[in-house]
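Asks: Dumping the structure here so I can ask a few things about it.
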Amino acid sequence: MDATMNFYTQDIWTWWIAIYLYFGGLGAATLAVTFLTDMYLKAHRDLVLWGAFSGIVLLSLGSLMLFIHLLDYRAVIYVLNPMILFTKPDAWIAWGTQFIVWMMFWGVIYALPYMYLTPLFDKMPVVGKLLDLALVKKIAELSSRFRKVVGWMATINGVGVAVYTGLLLQSFPAVALWHNPGVPLLFTVSAFSTAMAFLLLIMYTIIKREEDEHIRHFYERVDLILISAELVILFSFYHYMSSGNESAMHSAQLLWNDLGWLIGFIGFGLIVPFFLELRGVLKGWASHLPIITASVLVLIGGYLLRHYFMYAGVYAYPW
């Protein structure tokens, strides 16, 4: 190794950026999966309302975590300006902010017609008054008429958010673990896997309709495929880091010698839920508890992936 080369574990992007990336990917993928289900699998008012508003809350929490930690709070206004995408197209946080804002906008528009079919919203003082406005009623009418257009606008922005969470890390050339074209793919697959788990939790613990059994089984099968893909990508990452440059090898040593990564994330966050869902797909379970357990583990594992990626970010001087 070159004696002049020094390696450091970055300590600036830590748990707070992990939460931002986690909530951003989970919230966006939840909205996308919810709307695609409603458009092509089964029209489902309750799923849309729960999925849309919980996804918006997750996106808002993640964004708040990022903006709180911005060194210059005026940067919030800067990244909200869509013109920055033309003047500085490599500003990834600005791209992500635009995707998030439009994801939430189209998400509310898509859910609006279902809100008129739910008496609960009429009883809310502020929401009820908004729903009585002629303009809002007109927007709801247009949303119903152009349902798939609105749904796809939301879905495209949702996929954009999920991919962006990986592109943001991939744009750091000094950290070999992050500067890898596989990072956006890994984070996108993880985002949709956690979204499947989150929606399974909602459908097994809140909605709980027998006639939705085919939707739950479909989510389980898709999540099984996504977990398999995530394991394959991680296997590729292991070989990349083990035979890469010194920075990548240092990251590999940090990750693959850490019991939290091996047992917490890979073991309980991926492998255990994989076998629980595999048994459910092949033979079924007598109760919903194993799938609920698998969903909780997938959600925990989704955060641990991002947490340890921050923790193992090693950069070198000079690079």
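Any read-out appearing in this document is the output of simple, stated calculations on the displayed coordinates, not a laboratory observation. The shown structure was predicted, so the numbers you read here are calculated from the model rather than taken from an experiment. Please note: Cβ atoms are built from the backbone with ideal geometry, for glycine as well, and neighbour counts cover all protein chains shown.
Asks: Given a 10 angstrom Cα cut-off, can you work out which residue in A140, A32, A154 is the most mobile in a GNM of the chain?
Replies: The residue with the greatest mean-square fluctuation here is A140.
Asks: Remind me, relative contact order of the chain in percent, using alpha carbon pairs under 8 angstrom and six or more residues apart?
Replies: 26 percent.
Asks: Would you work out which of M104, P290, V159 lies farthest towards the positive end of the dipole of the chain, given +1 charges on the beta-carbon of Lys and Arg and -1 on that of Asp and Glu, about the Cα centre?
Replies: Selected residue: M104.
Asks: Can you give the helix-only mean residue ellipticity at 222 nm for the chain, where every DSSP H stretch with n ≥ 4 adds -39500 (n - 2.57) and the sum goes over all residues, rounded to the nearest 500 deg cm²/dmol?
Replies: Value at 222 nm, helices only, nearest 500: -23500 deg cm²/dmol.
Asks: Hydropathy first: keep DSSP H helices in the chain averaging at least 1.0 on Kyte-Doolittle, then drop any whose Cα extent along the axis falls short of 20 Å, and list what survives.
Replies: Span-like helices, by this rule, are 15-36, 45-68, 92-116, 182-202, 289-311.
Asks: DSSP loop (so not H, G, I, E, B), at most 13 other Cβ within 10 Å: list which trypsin sites (Lys or Arg not before Pro) in the range 207-299 pass both filters.
Replies: Hits after loop and neighbour filter: K208, R209, K283.
Asks: Turning to a different aspect of this structure: Given the chain, what count of lysine pairs have C-alpha atoms under 28 Å apart, with each pair 8 or more places apart or on different chains?
Replies: Value for the chain: 16.
Asks: A further question follows. Under a 10 Å cutoff between Cα atoms, tell me which one of Y164, Y303, Y40 has the largest fluctuation in the Gaussian network model of the chain.
Replies: Result for the chain, Cα springs under 10 Å: Y40 fluctuates most.
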